[in-house]
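*Asks:* Structure provided below as structure tokens; questions to follow.
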Ligand code: TRP
């Protein structure tokens with residue numbers, strides 16, 4: 001089977017994470033772990049999307065620190081800067097420029113109906129919602145289209161943004177001629193959508209944190225990570241089985257966490273826990289595996305960040321590579337849209 005498939009080596013992938021909040025085990029299992037694995041099959045671009053992080057109120061010093069932190073975590077999670085291009089979005093002015101150009105071909109109606117805009121806007125005072133929050137999906141489209149990405153690994157919550165990117169690329173190609181590759185979503189494998197420990201009805205979030213026990217962060221010390229798992233919301237039963245019963249979502253989430261970390265089959269996992277005395281045993285084992293998963297990531301993170309100039313240097317190299325690709329697309333877009341070329 002697999003040998004008849006065309007080689008995917010030259011297909012391009014682009015993805016990004018905002019430098020806001022703290023990266024969680026959910027980000028690792030649902031995104032970074034896949035990126036690291038797929039970097040060998042695709043030409044990969046991974047950016048830290050700092051321009052997206054300023055669409056809601058933020059603190060400048062925190063933004064700067066988190067930008068380095070997220071970049072270092074990409075590497076700590078296995079993204080190899082010798083194979084993949086790792087960079088900071090704002091280091092490439094082409095992202096902002098293409099976003100403006102695309103804004104002028106984006107119908108406002110498309111933006112007003114984005115569910116993420118509606119949700120985020122509803123959480124703020126109406127008069128403090130920025131125009132940037134509305135235009136957020138256009139900037140994301142620019143990120144993707146600048147690199148002519150074939151595939152974009154995104155979670156369920158970003159599907160609508162990817163649809164808008166595709167619509168926008170098609171509209172642009174129709175208006176101005178073939179310019180952009182139409183990207184496909186790359187949805188993470190089932191079981192990699194980790195839910196909040198304090199409320200298994202919602203996705204584990206790095207920025208919308210309902211309590212101290214919402215998420216395990218990649219940089220949580222082992223005792224803290226363990227405490228969060230031990231406190232995870234479950235139910236009053238004792239059967240340790242995968243289930244889509246909403247009443248049992250907490251236990252199911254712990255099992256999915258275990259599944260995503262160990263890679264074992266569901267049958268093997270259920271058999272393994274068949275003799276457990278209760279949820280306490282399950283939690284203890286999930287915590288053990290979790291701590292073992294975090295340990296090498298944290299060790300590598302601390303090594304990489306001992307000297308900040310190291311990460312900054314890698315980001316400069318990444319930006320240099322990204323800029324070549326981005327600027328080539330931007331030149332084409334400028335020409336297609338009818339801008340007079342500046343004489344050099
Ligand atoms: N909006 C994405 C999120 O919050 C982050 C993002 C920005 C992104 N630009 C992107 C993801 C381009 C994939 C591709 O998760």
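Bear in mind these aren't lab numbers, they're just calculated from the coordinates by the rules spelled out. In this text, all values refer to a predicted model and were calculated from it rather than measured experimentally. All Cβ positions, glycine included, derive from the backbone under ideal geometry; neighbour counts span all protein chains shown.
*Asks:* Let me make sure I get this right: for region 121-188, a, b and c are the square roots of the gyration tensor eigenvalues over alpha carbons, sorted descending. Under 1.5 in a/c it's rounded, otherwise prolate if a/b > b/c, else oblate. Which is it?
*Replies:* The shape class here is oblate.
*Asks:* So, one more: DSSP beta bridges in the chain, what fraction antiparallel, as a percent rounded to 5?
*Replies:* 10
*Asks:* How many nm is it between the label spots at residue 108 and residue 64, if each spot is 7 Å from the Cα in line with the beta carbon?
*Replies:* 3.7
*Asks:* Right, next: In nm, to one decimal, how far is the residue 163 label point from the residue 41 one, both placed 7 Å along Cα→Cβ?
*Replies:* 2.5
*Asks:* Taking the mean number of other Cβ atoms within 10 Å as a proxy for protection, how do you rank 263-269, 129-135, 147-153 from highest to lowest?
*Replies:* 147-153, 129-135, 263-269
*Asks:* Please say if region 62-129 is rounded, prolate or oblate, where rounded means a/c under 1.5 for a ≥ b ≥ c the square roots of the C-alpha gyration tensor eigenvalues, and otherwise the choice is prolate for a/b larger than b/c and oblate otherwise?
*Replies:* Prolate is the answer for region 62-129, as a/c is 1.5 or above and a/b outweighs b/c.
*Asks:* Pop the C-beta distance of residue 344 and residue 173 into the FRET formula with R0 = 30 Å and round what comes out to the nearest 0.05.
*Replies:* 0.60
*Asks:* Suppose R0 equals 35 Å; then what is the FRET efficiency for residue 310 and residue 131 from their Cβ-Cβ distance, rounded to the nearest 0.05?
*Replies:* Once rounded, the FRET efficiency stands at 0.40.
*Asks:* Any chance you could list P(r) for region 222-302, counting all Cα-Cα pairs in 10 angstrom bins from zero, rounded to whole %?
*Replies:* Pairs per bin, as whole percents: 18, 51, 25, 6, 0.
*Asks:* What is the Cα centroid distance between region 31-100 and region 164-208, reported in whole angstrom?
*Replies:* The distance from the Cα centre of region 31-100 to that of region 164-208 comes to 16 Å.
*Asks:* By how many nm would the segment from residue 331 to residue 118 grow when fully extended, if each residue of separation counts as 0.36 nm and the alpha-carbon distance is taken off?
*Replies:* Gain in length upon complete extension: 73.3 nm.
*Asks:* If you don't mind, another one. From the Cα gyration tensor of the chain, with a ≥ b ≥ c the square roots of its eigenvalues, which class applies: rounded if a/c is under 1.5, or else prolate if a/b is larger than b/c, or else oblate?
*Replies:* Taking the square roots of the gyration eigenvalues as a ≥ b ≥ c, the chain is prolate.
*Asks:* In addition: Could you please rank 302, 161, placing first whichever residue has the fewest other Cβ atoms within 10 Å of its Cβ?
*Replies:* 302, 161
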